[in-house]
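Data block below; observations after.
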Amino acid sequence: MDDVVAADPKPANIRGAVGTSRIHDSAAKHVAGEAVYIDDIPLPQNCLHMIAGMSERAHAKILKLDVSQVRTAPGVALVLIAEDLPGVNDISPTGTKDEPVLATGKVHFHGQPLFAVAADTIDLARAAAKKAVVEYEDLEPLVTVDAALAAGETVLPTEVLTCGDPAGKLESAPHRRQGKVRLGGQEHFYLEGHISLALPQEDGDVLVHCSTQHPSEVQHNVAHVLGRPNNAVTVEVRRMGGGFGGKETQGAQWAALAAVTAVKTGRPAKFCLDRDDDMIMTGKRHDFIADYDVGYDDDGRIVGLDVMLAARCGFSADLSGAIADRAMFHIDNGYFLGDLKVTSHRNRTNTVSNCAFRGFGGPQGMVVIERIIDDIARTLQKDALDVRKINLYGDEGRNVTPYQMTVEDNELPEMIAMLEQSSDYVARQKEIADYNANSRILKRGIAMTPVKFGISFTTTFLNQAGALIHLYTDGSVYLNHGGTEMGQGLFLKVAQVVAQEFSIDIDNIKISATNTSKVPNTSATAASSGSDMNGMAAQAAARTLKDRLTGFACAHYGVTANEVVFAANKVQVGDKTFTFAEIVNQAYLNRVQLSATGFYKTPKIHYDRETFSGRPFLYFAYGVAVSEVKIDTLTGETRTTRVDILHDVGSSLNPAIDEGQVEGGFIQGMGWLTSEELVYADDGRLLTHAPSTYKIPACADRPEEFNLKLWPKGRNREETIHRSKAVGEPPLMLAISVHHAIAEAVGSVGAPGHIVALDAPATPECVLDAVDRAKSSVAKKTVRGAQ
Amino acid sequence: MRSSVNFLLGDEPRELTDIDPTMTVLRYLREVEGRVGSKEGCAEGDCGACTVVLAEVQGDALTYRAVNACIQFVPTLEGKQLLTVEDLKASDGALHPVQQSMVDNHGSQCGFCTPGFVMSLHALYQQGGAQDRLEIDNALAGNLCRCTGYGPIVAAARAMTDYDAPAEGDMPVAEVIAHLKGLQEGDGVSLEWRGRKYFAPRSLEALAAIYKHHTEANILAGGTDIGLWVTKQHRRLQTVIYIGDVAELDTLEVVDGVLQIGAGVTYERALETICEHFPEFGEVMRRIGSTQIRNAGTIGGNVANGSPIGDSPPVLIALGARLVLRCGPDVREMALEDFFVDYGKQDRQPGEFVERIDVPLAAPDVMFRSYKISKRFDQDITAALGAFAVTLDDSGNVASARICFGGMAATPKRATATEAALLGQPWTEETMQAAAEHMATDYAPLTDMRASADYRMKVSKNLLTKFWLETTDETLESRLVGVAVNG
């Protein structure tokens, strides 16, 4: 596997240096079916298989829960109801105490686990679960955000961010417009569903293999549910088959139930959710309703804004507070908004508790402001890109966010200019207008939208990471850190950092499973922070070891530190040259400690949640996309035909991995805004709980032409790991350009100035409705359209 | 009949006697064989993470087809070679070109879907590979990836044929063929397992006799519907009769101007012939399901299961297809539309089964179009599907009209009021608009997770408009996918 050297290579004659497009460390195992996921671990003897007994009501009092028949069913080893849990019946991640492992008293959503069954086989467990007798007293369910909003039901208090005098500015604005936008939620659809395998240990301890982005939180939650200290529980995760935020908090329930079963029975226990159970019982991206009132001048410059955001949080808080906060933080996207008020309701619904999903509320905030910009452009009959440009953050006076953080690293004006040119935006826009004038049924649209995404956990204390490195006497290196691998290439990137630090081939570095007994108290691999934080922590550990080796060499050979040089698998000590292995072994023989931890905490950030002000982010990641679509105005079907992307990953640790994140994130965002639709029945049942009814993009949905470039001038102005930037989440929001391209195509059949008001997801039905509204805005109505 | 299931797992012969007849191939691989490379992503044939390849003897060669192991029952492996992701590496550990191309093009991220993609690509590789975007999309339509956005996988598909061919495996192809041919002797398989029965007869006569005797049985063809009864509804099927090995049901030929499609013919096998005679139907057939689904599912099964949607029944009805049913030695025939009595109810007697579908070749002057509307173009269940067949007389008036929709009623149903409004009228925009209003008489569609009743009605009317526009303006560009055949 030869490395492709990046445009700006770091000088290091080693395999896997920072900045090279090294292939994913597990790629050869992936393609051979040899990469082990938890369900692939050879089954321990006597393993129990688990299933949850689910509520058949969205909101009800539990009058009776009789599992006696379940307990006596064939093959059943254990049935757990809430009262059977030895410790705390709660897995709420932020201390809200509102998320039981198993329901008691009331059920709060259709599918909520009431009990768990462990049996010799999954078939026996499933058959047994059907024997439960449950009686409910129905309560009125709140199924939609509108209903929850009307009822004033929230999981957390409403937050308001006010900046300046929005009411006054709205009053005096030359133009003013109100509107509403509805955004759907999104199922993560990681290909590997949630799974935990719990192995009983001595003293009532337990080892849990869990598919989670947050092993430490799972460890702590399992300990709480067991009523044991954290040190009684070890959680390990080698890799996930996708996470996307869906495995940040949602794994604890299954891990806890499996762990309790393992401890109580002394038998291994596997809780593997099948696709339907996973989609029914685990959270999704929050759907939002937004009402806005915007004031703007003749050029389209926003002068005042009042936005209400209402989010479907589901029945409990989970991470909804931070998610809704991030939606507020991204209501500006790349734009200077001046005076504004943002009101954020965190609505309680009788649906599954929603959770993190790539972007974490940011995408929802951005969609709202981009819709507002679109409305402004349409009412003024200006090109939307011109309105976008005029509202961008700029110099002194236009460079402070609504939360009082100065934007110091704005790349957007330059990036937009570059992409506008490379994508031939203006000429294509003209060509598309000509096409639309001559095409009766099919219409095309093109749009460019920017992304500015804040990097850091907005909960400041989470911005810490740890790593552990051992050097063995043969010069091989063992690497461990708190980050988890879900396909994003984090393990590889961190290994590249370590290889670079020691200047050794990456082949010498053993990548190892994340394990709470190696690096404790870690944060979730989330907020795109994985390589930023774990890369720095691993670098710190490597530097400690390198300093020790250097110190040893200086003392042993009587040289000064600057005469010890690590380069290309060798260590130069004065006029002597050793292999890396030789110097490590010499250090060992001279009793030098060859194991070190590293720690990192993100600098500069601070944030006062009371006033919604401070510097919640270390920096921003930027991107710009131009999308072109074609729509069928008789059916509402759409197709994305061309995409041009320019994305800022700073100075890339691995361009191939980063490009993979950008492309994959974009398509995932496109799915959210087009074909992926979560449908709930009036009684609160989720109707779309399998890929037969929930449609993520398929291969043919990929745009025919996809031009992706990493921002050539990208270099983080902050001192991040090798000046790279986070890449996990930001590209998802580039797909907002697809939504706007569809709106442009729809707008082409409307009267000038017609507000398209396209909601999301833009399914054929949603688009056809928008087309019909647009058509009816034109006085002249014939089937053949305006010829 | 033999009371064991015989097949090759890679190079190794297997003879199974003690096997649950509805155990899926995926569970068998993972739980019995310990081959855990194939993954369960959905257990309903929609994500492709479980994709395996079946090699079968055709003439003196092997044909390879990708199928979903998650909904395929183990006894249907009889006489075939089952290839999984574990079979691709060379004995020296070298990756197969398909695998190497995926690695080199960064085709995997989380890796969970990857074995399935590799096997779909392997089937494509065995068929000679592809460069064309549509061909690659078709080969991969049944494999979902949530990480990559597909670009790197498409690149891998294009590049895989650039690598040196892999060394022949431990068992040379000729030996595989000889082994599989040996298994085809005899009159089929008959299993009994814990009181449950499975039959796989090889002749029509035997099938008719067994079914007449076991009227409680479920007839199994591709398993793309029945497989889900087991994996999703967790039903226990008492008696199963598999028709995939019945030679007479594999007929696909034109006889006296009628295309005869045997009940065992898979979508994929029929595709080329259908595209030749009915290009529009071919496009519906392409989109009815992924390659894996088309490789397993049959048109006969699509008719017999009586789905209100289809997708082939509404098209077949518009084309004037007739159904041939058999019960024991007795054969009867009916217009396909008469078969669908009500939701979940068909005109089929106990012991009676679909033998054949007869589709009259369309006269050259028939204007025919069919449109499938769904949230996603590939591998999606239809919200509404409209099929239109209209002829005009010499003066340009409508001489005949057959319009049939799926997804608009409890069964695939003709739009008789709309048809009546067209008959004898000039083929003009006014005629078409006036007729479209009768859709509301013909149909009272439902709202479900795929679309609202309003949308279904609106789009059905619009499809008539589209049909009219396409048949009156040869230059019109009107399709986002596939190819409209104007004229």
Compute the long axis of helix B:279-288 from its Cα atoms, compare it with the longest principal axis of the Cα atoms of chain B, and write down the angle in degrees, 0 to 90, nearest 10. 50 degrees
Paramagnetic label zone (point 7 Å from Cα along Cα-to-C-beta, A:SER777; backbone N under 12 Å) in region A:355-393: A:374-382
Report the full-extension gain for the segment A:GLN69 to A:GLU83: residue separation times 0.36 nm, less the Cα-Cα distance, to one decimal in nm. 3.3 nm
What span do the alpha-carbon atoms of region B:97-162 cover on each of the three principal axes, reported in whole Å from largest to smallest? 28, 21, 17
Quick calc, B:GLU15 & B:VAL331: beta-carbon distance into FRET formula, R0 25 Å, rounding 0.05, result 0.10
So, with points 7 Å from each Cα along the Cβ direction, the A:ASN590-B:ASP170 label distance in nm works out to 5.3 nm
Name the lysines eligible as straight-distance cross-link partners of A:LYS546: C-alpha to C-alpha under 25 Å, and not fewer than 8 places from it in the same chain. A:LYS10, A:LYS493, A:LYS510, A:LYS518, A:LYS570, A:LYS576, A:LYS601
Neighbour-count ranking for A:LEU462, B:LEU140, A:LEU479, B:LEU463 (other C-beta within 10 angstrom, fewest to most) reads A:LEU462, A:LEU479, B:LEU463, B:LEU140
Only counting other Cβ atoms within 10 Å, I'd like A:LYS518, A:LYS725 sorted with the fewest neighbours first. A:LYS518, A:LYS725
So how far, in whole Å, is the C-alpha centre of region A:385-421 from the one of region A:670-698? 35 Å
Multiply the residue separation of A:GLU563 and A:LYS709 by 0.36 nm, subtract the distance between their alpha-carbon atoms, and state the gained length in nm to one decimal. 48.5 nm
Would you mind counting up the charge near B:ARG348? Only other residues with Cβ under 12 Å from its Cβ, with Lys and Arg at +1 and Asp and Glu at -1. -1
Cα centroid separation, region B:160-235 to region B:256-285 (Å): 23 Å
Distance between region A:157-224 and region B:21-43 - C-alpha centres, whole angstrom: 34 Å
Less than 15 Å from a label point 7 Å out along the Cα-to-Cβ axis of B:THR251: which backbone N atoms in region B:284-303 qualify, by residue? B:300
What is the fewest-to-most order of A:CYS163, B:CYS110 by other Cβ atoms lying within 10 Å of their Cβ? A:CYS163, B:CYS110
Dividing the helical contributions, -39500 (n - 2.57) per DSSP H run of n ≥ 4, by the residues of chain A yields a 222 nm value, nearest 500 deg cm²/dmol, of -8500 deg cm²/dmol
Gyration tensor (alpha-carbon) shape descriptor, the protein assembly as shown, a/c threshold 1.5: oblate
Over 30 Å between C-alpha atoms is what I'm after, so list which of A:LYS247/A:LYS695; A:LYS695/B:LYS232; A:LYS180/A:LYS713 land there. A:LYS180/A:LYS713
Taking Cα pairs under 8 Å and at least six residues apart, what relative contact order does chain A come out at, in percent? 15 percent
Which shape class, rounded, prolate or oblate, goes with region B:251-472 when its Cα gyration tensor gives a ≥ b ≥ c as root eigenvalues, a/c under 1.5 marks rounded, and past that a/b bigger than b/c marks prolate? prolate
So if R0 is 22 Å, what FRET efficiency would A:ALA417 and A:ARG717 give, r being the distance between their Cβ atoms, rounded to the nearest 0.05? 0.70
For B:HIS277 and B:THR475, what does the FRET efficiency come to when R0 = 35 Å and r is the distance between their Cβ atoms, rounded to the nearest 0.05? 0.90
Inter-site label distance for B:SER4 and A:PHE578 at 7 Å from Cα along Cβ, in nm: 6.4 nm
Can you tell me the relative contact order of region B:251-472? Whole percent, Cα pairs under 8 Å, sequence separation 6 or more. 18 percent
Taking a ≥ b ≥ c as the square roots of the eigenvalues of the Cα gyration tensor of region B:379-487, is the shape rounded (a/c under 1.5), prolate (a/b larger than b/c) or oblate? oblate
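Where a number appears in this text, it was derived from the coordinates with a stated rule and is not lab data. Source: prediction; values computed, not measured. Glycine also receives a Cβ, built like all others from the backbone with ideal geometry; neighbour counts cover every protein chain displayed.
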